[in-house]
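All of the numbers you see were taken from the coordinates with simple rules; none came from a lab. The shown structure was predicted, so the numbers you read here are calculated from the model rather than taken from an experiment. Cβ placement follows ideal geometry from the backbone for every residue including glycine, while neighbour counts extend to all protein chains displayed.
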Amino acid sequence: MANLNIRNKQERTYEAIVIGSGISGSWAAKELCDLGVKTLMLERGRNVEHIKDYPTTNMLPYEFEHRGQITQAEKDANPVVSKCYAFREDAKHFFVKDAEHPYVQEKPFDWIRGYQVGGKSLLWARQVQRWSDFDFEGPARDGFAVDWPIRYKDIASWYSHVEKFAGVSGNKDGLPNLPDGEFLPGYDLNIVEKHFQEQLKKNYGNDRHMISARCAHIHGNADFYAQQGRAMCQNRNLCQRGCPFGGYFSSNSSTIPWALKTGNLTLRPDSVVHSIIYDEELGKATGVRIIDAHSKEMEEFYAPVIFLNAAALNSNLILLNSTSSRFPNGLGNDSGLLGKYVAFHNYRAGVSAQHEGHSEYTTSGGRPTSGYFPRFRNLYKQETDFLRGYAAGFSASRGVRPNTEGVGMELKENLLNPDQYGPWYVGSHMMGETIPKESNYVTLDPNLKDPYGMPQLKISVDYDDNDEKMVKDYLEQMTEMFEKAGFTNIRTRDDHRAPGLDIHEMGGVRMGKDPKTSLLNANHQLHAVPNVYVTDGASMTSTSTQNPSLTYMAFAARAAHHAVSESKK
Amino acid sequence: MNRRIALRHLALISGGLAFIPSCDFSSDDILSAYKNLKITQSQKQLLGNISNVIIPAGEIKGALDIEVPDFILVMVNDCMDSEQQTLFTTGITAFPEFAKGFSSLGNKEKEAIILSGQKLEGDETEAGANNKAISFFLNTTKRFTIQGYMASEYIQSEVIPYSLIPGAYNGSVLISDIQKPRING
């Protein structure tokens with residue numbers, strides 16, 4: 001019996017365990033496997049294999065019973081996830097339904113999740129803009145949160161490393177606040193977007209820029225990506241269904257199959273992580289406890305290095321639930337700050353308008369990206385009555401507008417032979433930096449459990465006065481820029497959405513220099529438990545304005561190399 | 001009890017003396033496929049007639065030829081809330097009274113009735129409530145007729161084929177260089 005247990009334990013022992021198979025977890029696993037580390041990847045959701053498990057990817061519009069729409073019954077059952085723009089008939093199977101993993105909203109928070117192998121990497125918006133020192137130096141310069149323990153120079157080569165492998169298209173724009181990277185050819189802006197670019201130059205000199213957004217799509221160097229079994233992006237804009245070409249980066253199309261090919265990866269789906277095991281005598285983490293999603297049995301796996309990449313809030317949940325007599329308030333939580341200083345991106349506001357000019361032009365074909373405004377507010381110095389600033393999306397489009405007046409033969413003719421182009425529409429949405437605060441936190445509900453018997457996460461995150469001022473400024477500034485560009489019929493909106501719908505929740509396990517005021521060190525190790533690395537959104541000290549996934553990839557790759565070099569010491 | 005079945009019972013009880021509009025009740029069962037709506041076979045027929053006025057058959061098939069009424073009922077049944085569903089069913093029930101003898105009218109007259117019904121406005125009275133429902137029913141029917149027709153397999157494969165791969169982006173195309181605007185894919 002004793003021998004059997006020992007053998008059993010050996011079989012469940014690896015050289016590293018990665019919790020989570022999304023963007024950051026799959027990058028940690030890929031790097032570890034490339035470096036020869038026998039790695040177990042745990043994923044709470046079901047397996048999703050590239051192509052095979054994309055049931056809707058080649059469906060035609062008329063093959064969807066409701067032509068893409070979510071039914072009223074689905075909306076009623078899922079008040080949270082049905083707010084997400086991508087929760088539609090073609091991709092709903094990749095989202096967590098509200099009842100599957102309940103949580104407590106101490107304040108309104110839309111927690112959008114994807115529990116499957118690949119996580120939200122199947123669903124993300126694929127925007128990949130680098131951070132610069134304008135971002136890493138933000139907290140120190142402006143006096144909020146704590147100073148990041150790293151700077152751009154620490155991460156720049158890792159950005160390059162992940163960009164080359166993932167495939168990032170973009171232009172060398174030469175902007176100090178949005179460093180250039182390893183780019184495949186960029187996508188074109190259209191004629192009205194270029195017009196706006198020129199107008200910005202004319203009206204604001206070199207202060208404000210709008211560029212073609214860098215995106216994680218293969219737009220060149222096809223032979224290189226063929227090694228991963230991926231092909232050029234076909235401009236289908238059906239990414240959320242999973243791409244049969246592997247045209248955009250997802251864990252499923254890229255890092256996971258690559259890691260599996262090394263022979264070093266063991267992938268275990270349907271494994272809901274309960275906690276990280278801490279050995280009081282050894283003074284380090286020794287493994288991970290899971291609940292099998294089907295049998296509901298608890299099982300343990302062991303490794304000398306643990307990577308926690310469960311996505312920002314779930315990484316908080318797992319650490320909070322990993323209690324021991326050494327860490328009664330959650331693993332590594334000597335500072336008492338675990339779960340605090342959660343922040344997000346403010347996506348509340350948008351501006352739309354029409355453009356009367358260029359009426360003889362339209363566009364053809366598709367592209368997977370659009371325009372991007374890097375932050376210009378408070379960039380070099382504090383210039384407004386709020387801290388930090390916002391990036392913004394921008395695009396112009398034009399379509400054929402069939403005349404739907406009347407009924408009968410004339411209507412039918414008009415529908416089948418549309419010849420009237422509508423006006424050019426232009427639109428922008430804000431992506432505001434929010435300031436991490438102790439009062440924005442997550443904690444475990446003392447009573448409520450989820451269907452696996454895990455404590456429910458209680459989320460208490462809200463906007464503040466800084467966010468309100470920033471919304472106002474964005475609306476004023478974008479309106480002014482639109483007016484100066486000659487756009488007409490300008491409309492502003494503030495939809496007052498709850499935090500969370502941005503799907504950029506961050507923090508709670510922040511990095512910092514001082515164990516008294518942070519959880520992680522400059523290498524993403526828990527100060528108090530250095531063989532546990534957290535390299536997803538939970539580790540973010542501040543949010544800046546850029547879509548964060550690229551930074552998580554770079555963090556995960558960098559930390560994986562650090563872990564391997566530590567193990568050789 | 002369904003209003004029509006109630007009427008039929010009344011007719012039987014009174015020895016067939018009651019006035020019954022000239023439609024066939026023999027198969028007027030509630031259609032179980034649209035369980036939220038309690039739509040009868042004859043109401044579905046009426047919906048078919050209306051959708052076929054909105055997009056009639058010709059050289060290219062019309063709405064009824066490609067079963068657009070099914071699509072309309074699926075959408076109303078599955079994708080509308082109960083308040084909208086009640087408006088829709090009240091509207092379809094009130095329509096025969098508003099458009100007396102609809103099925104025997106000529107095409108132009110049918111079109112005129114639908115157009116005027118779409119513009120009806122509601123008020124606080126019972127008749128006003130019916131008017132509101134009729135206009136909601138007709139506008140909903142038109143919207144879903146257009147959607148169901150244009151996003152049908154027939155249109156998107158035989159008439160204006162849908163392209164899953166739209167081609168590389170060109171951000172400044174002269175409209176004068178395009179032969180026919182692309183609308184599918």
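Data table
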quantity: Cβ-derived FRET efficiency at R0 30 Å, A:SER324 paired with A:ASN447, nearest 0.05; calculated: 0.85
quantity: Normalised contact order of chain A, rounded percent, pairs of Cα under 8 Å and 6 or more residues apart; calculated: 22 percent
quantity: Separation of the B:LEU164 and B:GLU59 label points, Cα + 7 Å toward Cβ, nm; calculated: 3.1 nm
quantity: Sites B:LYS119 and A:LYS469 - FRET efficiency at Förster radius 45 Å, r taken between beta-carbons, to 0.05; calculated: 0.45
quantity: Shape of segment B:21-145, Cα gyration tensor, a/c cut at 1.5; calculated: rounded
quantity: Over segment B:26-164, relative contact order from alpha-carbon pairs under 8 Å, at least 6 apart, %; calculated: 25 percent
quantity: Chain A, helix-only ellipticity at 222 nm - DSSP H runs n ≥ 4, -39,500 (n - 2.57), divided by all residues, nearest 500; calculated: -7000 deg cm²/dmol
quantity: Counting all C-alpha pairs of segment A:23-148, share separated by more than 25 Å (%); calculated: 47 percent
quantity: Neighbour cut-off at most 10 other Cβ (10 Å), DSSP loop, trypsin sites (Lys or Arg not before Pro), segment A:354-449; calculated: A:LYS381
quantity: Cα centroid separation, segment A:327-399 to segment A:531-547 (Å); calculated: 17 Å
quantity: Loop sites in segment B:23-117: trypsin sites (Lys or Arg not before Pro), DSSP, at most 12 other Cβ within 10 Å; calculated: B:LYS35, B:LYS100
quantity: DSSP bridge orientation in the protein assembly as shown - percent antiparallel, rounded to nearest 5; calculated: 75 percent
quantity: Taking A:TYR54, B:TYR169 and counting other C-beta atoms within 10 Å, the order from fewest to most; calculated: B:TYR169, A:TYR54
quantity: More than 16 angstrom apart: percent of Cα pairs within segment A:478-569; calculated: 65 percent
quantity: Net dipole in debye of segment B:26-164 [+1 Lys, Arg Cβ; -1 Asp, Glu Cβ; about Cα centre; nearest 20]; calculated: 180 debye
quantity: Pair A:GLN227, A:MET59: separation of 7 Å Cα→Cβ label points (nm); calculated: 3.7 nm
quantity: Label-point separation, A:TYR204 to A:ASP385 (7 Å along Cα→Cβ), nm; calculated: 2.2 nm
quantity: Loop sites in segment B:45-151: GluC sites (Glu not before Pro), DSSP, at most 16 other Cβ within 10 Å; calculated: B:GLU59, B:GLU67, B:GLU121, B:GLU124
quantity: Kirkwood Rh (inverse of mean 1/r, distinct Cα pairs), segment A:78-224, angstrom; calculated: 18.7 Å
quantity: Residue exposure sequence - A:HIS195, A:HIS504, A:HIS66 - by fewest surrounding Cβ within 10 Å; calculated: A:HIS66, A:HIS195, A:HIS504
quantity: Unit charges at the beta carbon, dipole of segment B:26-164: most positive-side option, B:ILE54, B:ASN107, B:GLN147; calculated: B:ASN107
quantity: Dipole magnitude of chain A about its Cα centre (Cβ charges: Lys, Arg +1; Asp, Glu -1), debye to nearest 20; calculated: 960 debye
quantity: Approximate shape of the protein assembly as shown as ellipsoid semi-axes (Cα gyration tensor, √5λ), whole Å, largest first; calculated: 52, 33, 25
quantity: Protection-proxy order for peptides A:470-479, A:199-208, each taking the mean of Cβ atoms within 10 Å per residue, highest first; calculated: A:470-479, A:199-208
quantity: Exercise: per-residue mean of other protein chain Cβ atoms within 10 Å, A:409-417; calculated: 5
quantity: 25 Å Cα-Cα threshold exceeded, pairs from A:LYS107/A:LYS340; A:LYS172/A:LYS472; A:LYS172/A:LYS261; A:LYS75/B:LYS35; calculated: A:LYS172/A:LYS472; A:LYS172/A:LYS261
quantity: Which of A:ALA311, A:LEU40, A:PHE373, positive extreme of dipole for chain A (C-beta unit charges); calculated: A:LEU40
quantity: A:THR404, A:THR13, B:THR40 arranged by Cβ crowding within 10 Å, fewest neighbours leading; calculated: A:THR404, A:THR13, B:THR40
quantity: Lys/Arg +1, Asp/Glu -1 at C-beta; the protein assembly as shown dipole; positive extreme among A:ASN237, A:PRO499, A:GLN116; calculated: A:GLN116
quantity: Average partner coverage of A:190-201, which counts Cβ from other chains inside 10 Å; calculated: 1
